[in-house]
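Working notes for the structure below.
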Amino acid sequence: MTFQNWIKQKKYFGKWVHYVEAFKVSDILPNVPATYRKDYEDVDASSQVQIDSKFRNSTPGHQYVSALSAGIRQKNRNAAEKSNNIRYLLQTTKTVGSGRKVKYTHQEEFLISIVVIKWETSNPLSKSAAYDLLISTFGHEQEAERTEWEVKMKIHSGHISPSLSQWVARVLERHRFSIRKESISQTVPVNWLQICLDACALICSIMRSAGVTRLVNADEMFLQFYSKETHLIAPTNAGRVGSNRAEDAKKGCTVMVLVRCSNLKSLPL
């Protein structure tokens, strides 16, 4: 793409205007060849370039803001989060533009609308629920009725395909959402393995000293039909992730797990 296209075609104005507005003479002069630099030595180093209003007002489509844009950085970022027409550019952003054309907009709009509704009602959507909603809403039993999205995402394969998982992740990222672990949850001890080994050695020692030759260990576990999801879809900058959904702890069944050991002498201490 030539320099002439950037300054003549309106669709490119928004990609460079906010950067040029923030430049000062002191930012530009070090990059000017020495043979031409001397012609600008008398120019005030703190002065800035004045952008003609036709470049700023003719910018169609998305508006781009960054840390270099005029105004308060946090205010610009908040504005980008609340508007689909404003995009905030991070310092790590390497390219600016729409990139590859977005496909499957119908499925994307459906997913994001559900994600937003669930988040705003304090009942964030889980990853597995997102997959189930997409498959049940856009899936067709008859092969002749299946759309390109169904075939590409392989939603009839019986499992979550990498294509579907990657598509959902990219859609969420594009709309500034991500899959987060719920903030309120019990943490597994970092030394859980050593705790298990110590407990096992203690049990074996007690059983041997008591002369036990056969041991049957049984424990009951209640299995909920609708288990609680711990990974939910939330905005990328959310401090805490929780839910107000009510859970019925009585809907489920009791499962008994039984382990029989008939040769305790073979177990290591």
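Any residue that is surrounded by fewer than 16 Cβ atoms within 10 Å (Cβ to Cβ) and modelled with pLDDT of 90 or more - is there at least one of those in the range 117-130? Within the range 117-130 (the criterion being surrounded by fewer than 16 Cβ atoms within 10 Å (Cβ to Cβ) and modelled with pLDDT of 90 or more), the answer is no, since none of the residues qualifies.
Would you check which residues across the range 134-164 are exposed (fewer than 11 other Cβ atoms within 10 Å of the Cβ) and more than 14 Å from HIS106 (Cα to Cα) and list them? Within the range 134-164, SER136, GLU141, GLN142, GLU143, ALA144, GLU145, SER157, GLY158, HIS159, PRO162 meet the criteria. Of the residues making up the range 10-21, none is outside any helix (DSSP H, G or I) and either loosely packed, with under 12 Cβ neighbours inside 10 Å or hydroxyl-bearing (Ser, Thr, Tyr) (or both). Restricting VAL212, VAL216, VAL255 to those that are β-branched (Val, Ile, Thr), modelled with pLDDT of 75 or more and either under 25 Å from the mean Cα position of the chain (by Cα) or within 30 Å of LEU125 (Cα to Cα) (or both) reduces the list to VAL255.
Across the range 122-147, the number of residues qualifying as free of Cβ contacts under 8 Å to residues at least 12 places away in the same chain and assigned to a helix (DSSP H, G or I) comes to 5.
Among what's in the range 171-196 and is assigned to a helix (DSSP H, G or I), under 19 Å from LYS118 (Cβ atoms) and of a type outside the set (A, V, I, L, M, F, W, C), pick the residue that is most open to solvent (accessible area, probe 1.4 Å).
GLU173
The values are calculated or read from the model by the stated rules, or taken from the named source; none is laboratory data. Bear in mind that the values here come from a model prediction, so they are computed numbers and not experimental data. Every residue, glycine as well, gets a Cβ built from its backbone with ideal geometry; the counts of neighbours run over all protein chains shown. For accessibility, only protein heavy atoms count, side chains too; no ligands or nucleic acids. Shrake-Rupley method; radii C 1.70, N 1.55, O 1.52, S 1.80 Å.
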